[in-house]
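Chemist: Here it is, the structure, as structure tokens.
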Amino acid sequence: MTEPVGTPAERAAALAAAARAGDRRALARLLTAVENHTAVAEQALRVLYPLAGGAHLVGITGPPGAGKSTLVAALIAELRAAGRTVAVVAVDPSSPITGGALLGDRVRMQSYASDDGVFIRSMASRGHAGGLAATSTSAAAVFDASGFDIVLLETVGTGQSEVEVAAAADTTVVLEAPEMGDEVQAIKAGLLEVADIVVVNKGDRPGAQRTAAQLRAMLAPPGEAGRGSGPAARRPEVLVTTAMSGEGVPALLAALDRHRARGSGEATPAARRARAAAQVRGVLVERLWARLAAPGLAGATDAALEAVARHDTDPYAAADALLAALGREETR
Ligand SMILES: Nc1nc2c(ncn2[C@@H]2O[C@H](COP(=O)(O)OP(=O)(O)OP(=O)(O)O)[C@@H](O)[C@H]2O)c(=O)[nH]1
Ligand SMILES: [Mg+2]
């Protein structure tokens, strides 16, 4: 489509309609708008959000180099073979030291350039006003409303915001690699809490089955010897894949479908609430921060930040004082 004209609302409506009609350039523009938090993005989400909810949102997280991008590429191949459409939001690590290839490079090798059933968007993991969770879940909503069957969100599971991104999905897959050793235990504990499915990737490496067995033991409720008893409430399945060859990927897809089918019962309201909370929290922070930076309060905000920087006051007291100042401004 040509560059839409008019007010932000008009441009947003035009872009949203075009994206829903399958216009990839319009979709790309919308995603850029979402990433830059523009007025057009906000208006477009107003239109698109009520139309979203049909896609299966799958978070894929795990430590750097576990094979997330390789697995996403394998899942794309599997999904396309089954005739399903797939969009990917890949939060690429901002540091190149992990040795992991960017998803874009991986998938370019398989060339889906002419396939309308695949759309991949990489986002930098730094500098998201309102938080990574808000940006990536908004991008997911754009894909969802544009009719993709499944939206994969790849994030490196190292920080809180990445965990939030994963937790905002309908189904969260946590990836581990067999040889990662003890230092990953700490990451594991935090990450495993958000896992619906745990995947030990690099199944071709020695120790993969043993790692899977250890994880199964770790995830079993205490006192429960194996199977059967009690409400097997939220014990994640543990699977082994070899993303490089595609081995285990059909089983993972089946597990994803099962989780989704189950989720339409009782798990979904909680997952949807978690997603809503992550999104609203991100926008709230952004809005509050914008008001604090506006002319009326910028002076007070600066002074408070200076005071914290000098250690004259602590961040909690400064935040409370700024919230009080916001409140006073409201009643004026
Ligand atoms: N042996 C083996 N290597 C794999 C497998 N899957 C991925 N790798 C390799 O592991 C390395 C990292 O893979 P990526 O897919 O980039 O991992 P990632 O988790 O996306 O990494 P970051 O995005 O940097 O966090 C690459 O060299 C892959 O080729 C596998 O199943 N077996
Ligand atoms: Mg990656």
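The values are calculated or read from the model by the stated rules, or taken from the named source; none is laboratory data. Source: prediction; values computed, not measured. Backbone-built Cβ (ideal geometry, glycine too); neighbour counts: all protein chains shown.
Chemist: Residue by residue through the range 102-125, note down the ones that are modelled with pLDDT under 60 and of a type in the set (Lys, Arg). Outline the logic, then answer.
Modeler: As a first pass, look at the range 102-125 and keep what is modelled with pLDDT under 60: 102-110.
Within the range 102-125, ARG106, ARG108 meet the criteria.
Chemist: So which of LEU322, LEU284 ends up being under 22 Å from HIS37 (Cβ atoms), surrounded by 13 or more Cβ atoms within 10 Å (Cβ to Cβ) and modelled with pLDDT under 90? Before the answer, list the steps.
Modeler: Details: LEU322 fails: modelled with pLDDT under 90.
Of the residues listed, the single one that is under 22 Å from HIS37 (Cβ atoms), surrounded by 13 or more Cβ atoms within 10 Å (Cβ to Cβ) and modelled with pLDDT under 90 is LEU284.
Chemist: Right, something else. Considering the range 64-80 alone, what residues qualify as being within 7 Å of ligand 1 (Cβ to nearest atom) and farther than 16 Å from GLY203 by Cβ? It would help to see each step written out before you state the result.
Modeler: Applying the first criterion (within 7 Å of ligand 1 (Cβ to nearest atom)) to the range 64-80 yields 64-71.
Matches in the range 64-80: PRO64, SER69.
Chemist: Of the residues that sit in the range 1-36 and are closer than 22 Å to VAL285 by Cα and surrounded by fewer than 17 Cβ atoms within 10 Å (Cβ to Cβ), which one is modelled with the highest pLDDT? Write out each step before concluding.
Modeler: Narrowing the range 1-36 to residues closer than 22 Å to VAL285 by Cα: 31-36.
Filter once more, keeping what is surrounded by fewer than 17 Cβ atoms within 10 Å (Cβ to Cβ): 32, 36.
Values: THR32: 92, ASN36: 86.
Taking the candidates together, the pick is THR32.
Chemist: For the range 190-207, enumerate the residues that are within 16 Å of ligand 2 (Cβ to nearest atom), in a loop (DSSP other than H, G, I, E, B) and in contact with a Ser or Thr (Cβ under 6 Å, 6 or more places away or on another chain). Show your work before the answer.
Modeler: If we filter the range 190-207 for residues that are within 16 Å of ligand 2 (Cβ to nearest atom), which is where we start, we get 191, 199, 201-202.
Filter again for in a loop (DSSP other than H, G, I, E, B), leaving 201-202.
The one that is within 16 Å of ligand 2 (Cβ to nearest atom), in a loop (DSSP other than H, G, I, E, B) and in contact with a Ser or Thr (Cβ under 6 Å, 6 or more places away or on another chain): ASN201.
Chemist: Does the range 33-66 hold any residues that are in contact with a Ser or Thr (Cβ under 8 Å, 6 or more places away or on another chain) and not hydrophobic (A, V, I, L, M, F, W, C), and which are they?
Modeler: GLU35, HIS37, HIS56, GLY59, THR61, PRO63, PRO64, GLY65
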